[in-house]
Amino acid sequence: MRKIRYVLLILFAISTAISAQFNEFYPEYEWYTITGKNVFVHYHEGAERTARVVAKIADEVWGPITSLYGYEPDKVHYVIKDIDDYSNGATYFFDNKIEIWASALDFDLRGTHNWLRNVISHEFTHMVQIQAGMKWTRSIPAFYIQYLDYQDVRRPDLLYGYPDVIASYPIPAINIPAWFAEGTAQYMRKEFNYDNWDSNRDMILRSYVLDNNMLTWNEMGEFGKTSLGNESVYNSGFALTRYISQKYGEDKLRKITQKLGKFGNFTIDAAFKDVLGKDGDEIYDEWKSVLKQSYEKRTAAVKENLVAGEIIFDEGFGNFYPKFTKDGSKFYFISNKGNDYLSTSSLYVYDFKTKKAKMVISGIRSTIGLTPDEKKIIFAKLSEDNPKWINIHDLFTYDIEEEEETRLTHGLRANNPDVSHDGKKITFLYQKDGT
């Protein structure tokens, strides 16, 4: 009979401390540091204005956000980047570091907000809430219980046989679902209005609700979807977080987070049950019912007097910026037809006679301009073909008859162009140092 041998191992993953050498990001730039009351702001040459604004905002939002969760992190390091044409924020909660890209977010599925106040409050809420919900110190992201078993072999030259069973069970320091992490980060504080529930967000959620196609309770807990699906995790999380705050009290966000930080609690359902007296499915169904009733009531008059246009193109979920020819026979537009992400959009032309759309140029997300003679299209796209080999926008023209692309600028950071009525000038968006 085989004799079972096993070894029980606990493996600790130790996170490294944040490095003081912030010029590791782009060593060809000079880097500087501003010291605030609660933060360090590290920035490269050319980004000083953004860095000083970040330092001011970061100290201002510190008190309101930390008081909501009853938790203060160690002094936070902000790293400011304004090199590529990219807009985002990233929180490294094990390292106490937040990265901010200075260019303002231009996203078709959201409205317009104060970018720096929005992204700083959002990322700092991530830092505070996630650290407040950790089960132990941030120096230990997770540990694993590992089981090993070996072949039952006996020979003078062997102590035991080769391993034939290896099983690992991870126990993470964090078990905050995606919707709750992003929902609280967008909610921030009741008195904040840096990322408010705008009409774009409401349109997306309203469509899901009225079509009986909301993300399920489990789908809200993870990303890995299309651009629209991932944005819907943000939207649903924001809406449900607002609902919990309004119905049960803003303090419940802290209490739920604290319950998630208990060693014996590994689900949001259990945290809800402890704090709200109902599990996740019950809260979800309750919220879903309220949304359904509210949206049906608010759209009743619209449905009674509905005027609907004719859908001429329904492929892709992102079709933007139509530009019609003078005779109205065609129009050019940007679409993510056949793709899961808005970032992989292309320029198409739709012909009303054939009722078909044809791709003109791939890899374009910007607005477009059509010259008065309708022979050329002006557009922008990202390119690394510039003196510094950084990923920024430049302007291009496309000759419709010759089917030939010509580059107009090199390293200008020019985006979202249009053409003047006389065809002599091109207007475009330019961002630098957060403006």
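The values are calculated or read from the model by the stated rules, or taken from the named source; none is laboratory data. This one's a predicted model, so the numbers in the text were calculated from it and none came from an experiment. Here the Cβ is made from the backbone with ideal geometry for all residues, glycine too, and neighbour counts use every protein chain on show.
Observations
- Among (1) over 30 Å from residue 113 (Cα atoms); (2) exposed (fewer than 15 other Cβ atoms within 10 Å of the Cβ); (3) modelled with pLDDT of 95 or more - the single one residue 262 does not satisfy: (3)
- Filtered by the rule that a residue be over 16 Å from residue 367 (Cβ atoms), assigned to a loop (DSSP other than H, G, I, E, B) and among the basic types (Lys, Arg), the range 407-434 gives 424, 432.
- The single condition among (1) closer than 30 Å to residue 317 by Cβ; (2) exposed (fewer than 15 other Cβ atoms within 10 Å of the Cβ); (3) in contact with a Lys or Arg (Cβ under 9 Å, 6 or more places away or on another chain) that residue 211 does not satisfy is (3).
- Residues considered: 182, 123. Of these, the only one that is outside any loop (DSSP other than H, G, I, E, B), among the charged types (D, E, K, R), touching a strand residue (DSSP E or B) at 6+ places or on another chain (Cβ under 6 Å) and surrounded by 14 or more Cβ atoms within 10 Å (Cβ to Cβ) is 123.
- Residue list for the range 93-120, filter: over 21 Å from residue 47 (Cα atoms) and either touching a strand residue (DSSP E or B) at 6+ places or on another chain (Cβ under 9 Å) or hydrophobic (A, V, I, L, M, F, W, C) (or both): 93, 94, 95, 96, 107, 108, 109
- Selection within the range 291-316 - aliphatic (A, V, I, L, M) and surrounded by 13 or more Cβ atoms within 10 Å (Cβ to Cβ): 291
- Helices (runs of 4 or more DSSP H) wholly inside the range 215-302 containing at least 3 residues that are of a type in the set (Phe, Trp, Tyr): 227-248
- Flag for residue 269 being in the same structural domain as residue 212 (by TED's automatic domain parsing), farther than 30 Å from residue 400 by Cα and in contact with an Asp or Glu (Cβ under 9 Å, 6 or more places away or on another chain): yes
- Top-ranked residue of the range 151-202 - restricted to ones that are in contact with a Lys or Arg (Cβ under 7 Å, 6 or more places away or on another chain) and within 30 Å of residue 248 (Cβ to Cβ), ranked as modelled with the lowest pLDDT: 173
- When residue 106 is tested against (1) in contact with an Asp or Glu (Cβ under 8 Å, 6 or more places away or on another chain); (2) touching a residue at least 60 places away in the same chain (Cβ under 8 Å), exactly one condition is not met: (1).
- Once the range 391-404 is narrowed to residues that are in contact with a Phe, Trp or Tyr (Cβ under 9 Å, 6 or more places away or on another chain) and surrounded by fewer than 19 Cβ atoms within 10 Å (Cβ to Cβ), the residue that is farthest from residue 431 (Cα to Cα) is 404.
- Within the range 401-423, the set of residues being over 24 Å from the mean Cα position of the chain (by Cα) and without any contact (Cβ under 8 Å) to a residue 40 or more places away in the chain comprises 401, 402, 403, 404, 406, 407, 408, 409, 410, 411, 412, 420.
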